[in-house]
Amino acid sequence: MLAQLLPSPGGEDIKFVDVAAPLHDENGRFMGVLAVHLSWEWAERLKASMLSPREQAQDIDVIVVSSDGTVVLGPRGLLGTQLGSLASLDETGYSGPSWTTETWPDGRQYLTGRAVSEGEGAFPGLGWTVLARRPVEAAFAPVTRLQTKLLIGGLIIALCVALIGWGMLSRLSAPLARLSRAADQVRQGAGANTIPLELSSPELSRLSHSLRSMVSQILNQRQAIDELQDMASADPLTGLPNRTYLGAQLEQRLVSARQSQRSVAFLYLDLDGFKGVNYTYGHHAGDRLLIEVARRLRDCLRGEDIAIRLGGDEFVLIVEAESDKARWMVQAVGQRIIQAVSAPVTLADGQQASVGASIGVALWPDQAETASEVMTHADAALYAKAAGKGRVYLHGSQGQAQALI
């Protein structure tokens with residue numbers, strides 16, 4: 001009724017805080033009720049005094065909420081509304097001053113500060129909560145700007161440091177890069193002089209000189225080792241690989257053939273009539289004949305096949321072929337070799353000498369599992385030449401050789 005009697009400059013309802021207390025005489029008899037209406041204008045003035053013009057411009061709202069969650073002071077859109085859903089008004093939580101970030105009924109997030117009063121005496125209804133809120137984007141704008149500045153500054157500093165470091169590293173690494181490229185060229189076969197002499201610093205000068213000297217020594221040692229290996233694995237008379245080479249390379253050939261699923265044929269060759277040449281024309285004539293036979297064997301084979309001299313007049317031929325064509329390949333190569341070896345050889349004095357050839361053959365992995373086993377089978381097949389020389393004999397499953405030609 002008092003709100004209707006008093007004029008309101010803004011047109012909205014005037015708010016009061018009603019305080020009432022019973023009156024009793026000295027004998028305790030009830031005499032009446034003393035009621036007081038407190039105008040809410042003082043709260044508006046208090047709010048205005050609490051916020052400076054700068055703070056008001058920063059979009060800060062001060063909201064007073066009654067004990068039942070009703071907004072009694074705040075923005076016009078919130079007056080009289082219930083805010084009981086806010087976590088800040090949870091009476092079971094901490095009752096002291098606090099702040100949090102939460103979503104308000106308008107769907108926006110605010111940084112919300114909270115202070116709770118406990119009422120006064122017999123008026124617990126005055127236990128109001130004062131909330132101060134500010135939109136999150138506005139509240140954390142200074143922090144965001146500081147983070148952005150720190151990030152940009154950090155990136156600029158990092159870029160400057162990286163450029164300086166890159167420049168220093170380039171000056172230091174350029175000589176090392178040249179030495180590395182030279183080392184790659186040496187690995188591909190270049191000489192020691194490929195190593196550049198870096199004179200930009202005493203340390204690099206000593207390093208480049210040491211590398212050139214070391215590479216030169218290594219290449220010389222490698223050349224000497226290669227020569228020794230060639231001498232150890234080559235027959236000095238014919239130039240063919242020898243028994244040492246066969247022992248070192250045989251297993252590798254089988255591994256390669258197994259990976260490609262191919263067969264390997266071992267042809268054990270023995271010259272027929274060679275002792276007669278030695279006896280008739282002398283050992284020099286025999287050596288000349290062996291040299292010519294070795295040349296003819298190389299001509300009869302493909303690039304991937306190998307002719308090996310075991311010693312005396314004994315040779316081994318290693319031929320790879322597709323598994324289903326191995327027998328045909330052995331027959332064709334054997335016939336070509338026998339024809340080539342049987343052709344007359346002109347000796348140093350113009351005389352001609354002739355020898356024949358018999359070949360024992362074994363196939364891997366069809367007839368043997370290991371290198372030594374297949375060599376044994378091929379050698380055993382060669383003994384069948386007692387039944388006829390100048391032929392190719394293939395190891396049989398029962399140990400009996402089969403004549404292919």
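The values are calculated or read from the model by the stated rules, or taken from the named source; none is laboratory data. No experiment lies behind these values; they were computed from the predicted model shown. With ideal geometry, Cβ positions are generated from the backbone for all residues, glycine too; neighbour counts draw on all protein chains shown.
Across the range 350-389, which residue is surrounded by the fewest Cβ atoms within 10 Å (Cβ to Cβ) among those that are among the small types (Gly, Ala, Ser), in contact with a helix residue (DSSP H, G or I) (Cβ under 7 Å, 6 or more places away or on another chain) and under 21 Å from Ser323 (Cα atoms)?
Per the criteria, the residue is Ala371.
Just the residues that are of a type in the set (Gly, Ala, Ser) and farther than 19 Å from Ile306 by Cβ, please, taken from the range 324-375.
Scanning the range 324-375 gives Ser342, Ala343, Ala348, Gly350, Ala353, Ser354, Gly356, Ser358.
For Val392, all conditions in the list (1) under 20 Å from Thr238 (Cβ atoms); (2) surrounded by 23 or more Cβ atoms within 10 Å (Cβ to Cβ) hold save one; what is the number of the exception?
Only one criterion in (1) under 20 Å from Thr238 (Cβ atoms); (2) surrounded by 23 or more Cβ atoms within 10 Å (Cβ to Cβ) is unmet by Val392, namely (1).
Which of the following residues is assigned by TED's automatic domain parsing to the domain that holds Leu271, within 47 Å of the chain's Cα centre (by Cα) and not acidic (Asp, Glu): Arg309, Arg302?
The match here is Arg302.
Against the definition (assigned by TED's automatic domain parsing to the domain that holds Val72 and without any contact (Cβ under 8 Å) to a residue 40 or more places away in the chain), how does Val116 come out, yes or no?
Taking the combined requirement at face value, the residue satisfies it.
Can you tell me which condition Pro344 does not meet? The list is (1) without any contact (Cβ under 8 Å) to a residue 24 or more places away in the chain; (2) closer than 22 Å to Leu250 by Cα, and all the others hold.
With (1) without any contact (Cβ under 8 Å) to a residue 24 or more places away in the chain; (2) closer than 22 Å to Leu250 by Cα applied to Pro344, the lone miss is (2).
Do we find that Ala232 is closer than 30 Å to Gly286 by Cα, surrounded by fewer than 17 Cβ atoms within 10 Å (Cβ to Cβ) and not acidic (Asp, Glu) in this structure?
Answer is yes for this residue.
Under 6 Å by Cβ, and 6 or more places apart or on different chains, what pairs join a residue from the range 89-113 that is closer than 14 Å to Ile60 by Cα with one that is at pLDDT below 70 and surrounded by 11 or more Cβ atoms within 10 Å (Cβ to Cβ)?
Cβ pairs passing all conditions: Thr112/Ser88.
Here is a check on your reading of the model: is Gly303 exposed (fewer than 14 other Cβ atoms within 10 Å of the Cβ), at negative phi and in a loop (DSSP other than H, G, I, E, B)?
Yes: the conditions hold for Gly303.
Going residue by residue through the range 362-376, is there one that turns out to be touching a residue at least 12 places away in the same chain (Cβ under 8 Å), out of contact with any His (no Cβ under 9 Å at 6 or more places or on another chain) and over 26 Å from Ser260 (Cα atoms)?
No: zero hits.
Checking the structure you have, find out if any residue of the range 255-265 is more than 20 Å from Gln367 (Cβ to Cβ), in the same structural domain as Gly388 (by TED's automatic domain parsing) and surrounded by 14 or more Cβ atoms within 10 Å (Cβ to Cβ).
The answer is no; no qualifying residue exists.
For the range 336-389, how many residues are among the aliphatic types (A, V, I, L, M) and over 20 Å from Leu297 (Cβ atoms)? So that I can check it myself, show each step before the final result.
Going residue by residue through the range 336-389, those that are among the aliphatic types (A, V, I, L, M) are 337-338, 340-341, 343, 345, 347-348, 353, 355, 357, 359, 361-363, 368, 371, 374-375, 378, 380-382, 384, 386-387.
In the following step, the residues that additionally are over 20 Å from Leu297 (Cβ atoms) were identified as 348, 368, 371, 380, 384, 386-387.
The qualifying residues number 7.
Condition (residue is part of a loop (DSSP other than H, G, I, E, B) and either in contact with a Lys or Arg (Cβ under 9 Å, 6 or more places away or on another chain) or at pLDDT 95 or above (or both)) applied to the range 285-299: is it met by at least one residue?
Step one: of the range 285-299, the residues part of a loop (DSSP other than H, G, I, E, B) are none.
No: the range 285-299 contains no residue that is part of a loop (DSSP other than H, G, I, E, B) and either in contact with a Lys or Arg (Cβ under 9 Å, 6 or more places away or on another chain) or at pLDDT 95 or above (or both).
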